[in-house]
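Worksheet for the structure shown next.
The values are calculated or read from the model by the stated rules, or taken from the named source; none is laboratory data. Here the structure is a predicted model, which means the values were calculated and not measured. Positions of Cβ are backbone-derived with ideal geometry, glycine not excepted, and every protein chain shown enters the neighbour counts.
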Amino acid sequence: MRVAVVVNPKAGKGRAELLGQRLVAVLGRAGFEVEPLGESGPGRRLEGVNAAVVVGGDGTVHGLLDEAAERGVPLYPAPMGTENLLARELGTSADPEAAGEALRARRVVEADLGRVNGVAFAIMASVGVDANVIHRLDARRSGSISHLSYVAPIVEEVRRPRIPRLTVRVDEREIVSGERGLLVVANCRQYGARLDPAPHADMTDGRLDAVFLPHRTALGAVGWALRCRLRRLGARAIVARGERIEAVTEEPCCLQGDGEAALDGATRYVFTVEPGRVRFVRGEGK
């Protein structure tokens, strides 16, 4: 089996490169033909390989989604990022021996791939204050980040919130009509800081979960974060599931996908799902 080891050198404050070197050595001793590669991003990186171990965070995996889906190459997330939501969902670890065992056992899951205005996502995408925070962070970041990196962007968003007014349709059924708030479209039950607004989302059910949390102030968003953390959304949350979700805003707003600053300036976002389009390698017991 020919395995690519794709490393984001910015992840883990330099530890990702060391882990990449260990993976190359351990997998090589285990009999795999290993192809070490550099930081993920635009370009063709997975030609001729049977699987790829991705050393970094969710953003590193995000950068490989389109090519992995096109080539049918399963991805094994070796977590070295801030949240590592995919690794949490799939039960993968940064242990090289565990990665080799999972690859050898061929524990592959065919997962759905979300797409919004042409941009792929594996975990979730959203429009609202969380997307604003991520775009604020992206504008100031220069290297690896930690949870503390989000403090200043969150403070900025609380002081000057940009809460979009949304109309949302799920499979042509209008569920929100011109109301301010946060829209999360989830392909996976995981979310940053264990907030998990869509705990029943399933990466293999061929549908996306839409969760709209109405609020007009930054304090309202904080309240929703607490409810999500406690898994008590209540009746005010609007939840639906479907294959096509459309969000229209009165003013241009930004969008985040898989925790990355994805799109900005649109007034219409269309989310669709491609069932079983991307393959992942699961960890032991998942």
(request) Report, ordered by the first and then the second residue, all pairs with beta carbons closer than 6 Å, sequence separation of six or more or different chains, a first member in the range 115-132 that is closer than 11 Å to residue 187 by Cβ, and a second member that is hydroxyl-bearing (Ser, Thr, Tyr) and not in a helix (DSSP H, G or I). (result) 115/272; 116/269
(message) If I ask for residues that are in contact (Cβ under 8 Å) with a residue 40 or more places away in the chain and either over 18 Å from residue 191 (Cα atoms) or in contact with a Lys or Arg (Cβ under 6 Å, 6 or more places away or on another chain) (or both), which ones from the range 140-151 would you list?
(response) 143, 144
(message) Looking at the range 200-226 only, could you name the residues that are over 20 Å from residue 156 (Cα atoms) and hydroxyl-bearing (Ser, Thr, Tyr)?
(response) 204
(request) For residues that are buried (at least 17 other Cβ atoms within 10 Å of the Cβ) and of a type outside the set (A, V, I, L, M, F, W, C), scanning just the range 1-16, find the one that is modelled with the lowest pLDDT. (result) 12
(request) Just give me the residues in the range 239-262 being more than 22 Å from residue 203 (Cβ to Cβ) and not hydroxyl-bearing (Ser, Thr, Tyr), in sequence order. (result) 248, 250, 251, 252, 253, 254, 261
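Test residue 22 against the stated conditions and say whether it is in a helix (DSSP H, G or I) and closer than 24 Å to residue 192 by Cα.
no
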(request) With respect to residue 85, determine if the residue is surrounded by fewer than 24 Cβ atoms within 10 Å (Cβ to Cβ) and closer than 28 Å to residue 124 by Cβ. (result) no
(request) Within the range 255-285, track down each residue that is farther than 15 Å from residue 109 by Cβ and among the β-branched types (Val, Ile, Thr). (result) 267, 270, 272, 273
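Among the listed residues 54, 24, identify the single one that is surrounded by 23 or more Cβ atoms within 10 Å (Cβ to Cβ) and at pLDDT 95 or above.
On inspection, the qualifying residue turns out to be 54.
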(request) May I ask you to list pairs of residues, at least six apart or on different chains, whose Cβ atoms are under 7 Å apart, with the first in the range 152-163 being in contact (Cβ under 8 Å) with a residue 60 or more places away in the chain and the second being in a helix (DSSP H, G or I) and not basic (Lys, Arg)? (result) 157/129; 157/132; 157/133; 157/218; 158/218; 161/129; 161/218; 162/132
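Results for (1) of a type in the set (Gly, Ala, Ser); (2) at pLDDT 95 or above; (3) assigned to a strand (DSSP E or B); (4) out of contact with any Gly (no Cβ under 9 Å at 6 or more places or on another chain), shown as yes or no for each residue.
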| site | (1), (2), (3), (4) |
| --- | --- |
| 88 | no, yes, no, yes |
| 92 | no, yes, no, no |
| 98 | yes, yes, no, no |
| 111 | yes, yes, yes, no |
| 132 | no, yes, no, yes |
| 145 | no, no, no, no |
| 151 | no, no, no, yes |
| 155 | no, no, no, yes |
| 158 | no, no, no, yes |
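Yes/no matrix, rows are residues, columns are (1) free of Cβ contacts under 8 Å to residues at least 12 places away in the same chain; (2) out of contact with any Phe, Trp or Tyr (no Cβ under 9 Å at 6 or more places or on another chain); (3) in a strand (DSSP E or B):
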site: 73; (1), (2), (3): no, yes, no
site: 76; (1), (2), (3): no, no, yes
site: 82; (1), (2), (3): no, no, no
site: 102; (1), (2), (3): no, no, no
